[in-house]
Amino acid sequence: MFDSVLIANRGEIALRVVRACRALGLTSIAIHSEADSETRAVSVADRSLCIGPAAAAKSYLSIGHVLSAAKLMQAQSIHPGYGFLSENADFAEAVENAGLTFIGPPSHVIRLMGDKVSAKQAMQAAGVPCVVGSDGALSGDAEEARAIARSIGYPVIVKAAGGGGGRGMRVVHSAADLVDAIALTREEAARAFGNPSLYIEKFLQHPRHVEIQVLADAHGNAVWLGARDCSLQRRNQKLLEESPAIGIPPEEIRKLGEQCARACREIGYRGAGTFEFLYEDGHFAFIEMNTRVQVEHPVTEMVTGIDIVREQIEIARGKPLSFTQSDVAPHGHAIECRINAEDPHSFVPSPGKVTRWIVPGGPGIRVESHMHDGAIVSPHYDSLVAKLIAHGKTREEALARMRAALSEFEVEGIHTTIALHRALLEEPGVIQGGFDIHHLERCLAEGLSPKEMA
Amino acid sequence: MNIEQISQIIERLERSTVDDFEVEVDGFVLRGHFSLRTLPSSNSNECSMPLAASATKPSASTDTTIVKSPSMGKFTATHPLTQATSSLDPGRNLVADEILGFIISGTVIQPILAPKASILRQCLVEQDQVIGYAQPLFELS
């Protein structure tokens, strides 16, 4: 059983893992790029090592560099966080082959779920509801593709088997556009993912994005921890997440959660994971599985009281889950706002030095951030600077606490999306809840304006 | 891969601009790093450029040069194969490109070179210390 964890990530998630290690009495080892030498995770970790220059390809995305660092620091396990190498099956396999513990699922399961065609087939076999679509990858025969699309009914969406997270897909509204769309998507998929395989699905026009958080151990136990609604998105990037997903019968969620837990057992899943679904007209349809901890995991932690990162590490240490499904009793409502260092009007990234950083507090408020006065927001990485989470007995109370927290949050030196969140939390559709994934884009098109504080 | 093949590979790569290489033949992997490269020049005996170490000259100090590590690894003043050891006594005069020590990372041994004729003021690391990328190693003046 390992007692040291090398954290192959940066920012708030690196800090989150350091804290989980500390709670478990494990030695945390932060690896970082030259640009991140002064960051919070590096300063609070037990040990640290600079592994390369700012460019992610020569630091956080370099399998060789991460493994070399693990060997030099005599780390026994690697936590990949999210993004970077977290869903790279080759990386997980290299970690396994180096005799270290990968804090996540086995590499062959990451590979299975990373290919969207094989993932969908595995989910269908496990009884998880999927979108109507092609039976496996497209063969390359144009007439066959036309026949599949005709049987599904337009509009359809052409997707890359190696894609995910909103990348590698193209909507097709008529038969006349299908062949060109397939050719273009195939070329892009080969270039971007190294995998030209494509598949076709029915394009759902007004779905919600609902996901199920799971945890599975190496002893055959798998549980689901409720649902999150992540429908407030811009260009497939989530801005606000909440749990539970309102307006969906709890019995439907429970049935789906049990199907996900069963699927975990059938594919030999281990660790934390998320099944992502589209929900439209009372039906769920599987889109993909994220084989890692997600940005929005605190929302689930707030309503269940379960420390997901801690459980994830303990599972990797070979321990059974510390609770059973019957112990999972979600209470209240939680909302998370992703605070990005971006202009709230144009969404242009806003790197720079933070000159003022005052975070909100009070009952039900949690802030996950690596920022502080004097911190530098690097232009080299994603722009997430904080996750602001509000919990309340009801959704209304959570919304009220979030509004108060957003009004207290003071940041200077960089632009952030705080003002946009302030406006969104007063938008009637957001207040009502149950909106689809296009709601934010519609609000912006209709002139929703960020709300600056006086 | 026999010694003749290895010699041929290295000879060819020496004529290229490659700094690091990894060649696999029949499951045998040869990795290497060229720490000294000769820049294209009318006189190839001149303009040799040390690539194994980066050196910075802080603007605040006019005569101090900090030699930083070109990669993560373990520092040693002794070459692991030849056992040749660099003297790291403060005050020692250095010639340009003089080897100050080595960074060992896996199978790669990278020499740390003095970027210019100078005086060794201070060695900032210890024998067998784990070194990060760009970590200051030596102070020269």
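Here are the numbers for the structure shown:
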item: Residues whose placed amide H lies under 5 Å from that of B:L124, excluding near-sequence neighbours; result: B:F138, B:E139
item: B:S105 long-range amide H proximity, modeled H, under 5 Å; result: B:K74, B:Q110
item: For B:S71, distant residues with modelled amide H under 5 Å away; result: B:A134
item: For chain A, convex hull volume per residue from C-alpha positions, Å³; result: 138
item: Sequence-distant lysines (8 or more away, or on other chains) whose Cα lies within less than 16 Å of A:K238; result: A:K387
item: Span from the the range A:96-114 Cα centroid across to the the range A:244-272 one, whole angstrom; result: 22
item: Area projected by the alpha carbon convex hull of the range A:42-141, averaged over all directions, nm²; result: 9.3
item: Taking chain A and dividing mean pair separation by its residue count, relative contact order in percent (alpha carbons under 8 Å, at least six apart); result: 14
item: As computed over the range A:203-296, the Cα convex hull volume per residue (Å³); result: 95
item: ³J(HN,Hα) computed for each position of the range A:350-367 - Karplus, 6.51 cos²θ - 1.76 cosθ + 1.60, integer Hz, glycine/proline x; result: 10, x, x, 9, 7, 9, 8, 9, 10, 8, x, x, x, x, x, 10, 9, 10
item: Hits among lysines - C-alpha to C-alpha of B:K68 under 16 Å, sequence gap 8 or more where chains match; result: B:K57, B:K116
item: Rounded Å value of the spacing that divides the Cα centres of the range A:315-391 and the range A:160-177; result: 31
item: Nearby aspartates and glutamates by direct alpha-carbon distance to A:K255 (threshold 19 angstrom, same-chain neighbours under 8 apart not counted); result: A:E211, A:D229, A:E266, A:E276, A:E280, A:D281, A:E288, A:D327
item: Spin-label pair B:L124/B:I10, simplified geometry with 7 Å Cα→Cβ offset, distance in nm; result: 3.2
item: At 1.002 mPa s and 20 °C, Stokes D of the range A:100-144 from Kirkwood alpha-carbon radius, µm² per second; result: 173
item: Rounded Å value of the spacing that divides the Cα centres of the range A:1-45 and the range B:69-95; result: 31
item: Spherically averaged projected area in nm², based on the convex hull that wraps the Cα atoms of the range A:148-243; result: 8.4
item: Potential lengthening between A:H372 and A:R235 on full extension [0.36 nm per residue; Cα-Cα distance subtracted]; result: 46.4 nm
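Read-outs throughout are calculated quantities, based only on the coordinates presented, and are distinct from any laboratory measurement. In this text the structure is predicted, and so the values were computed from the model without any measurement. Positions of Cβ are generated from backbone atoms using ideal geometry, with glycine treated the same way; all protein chains shown enter the neighbour counts.
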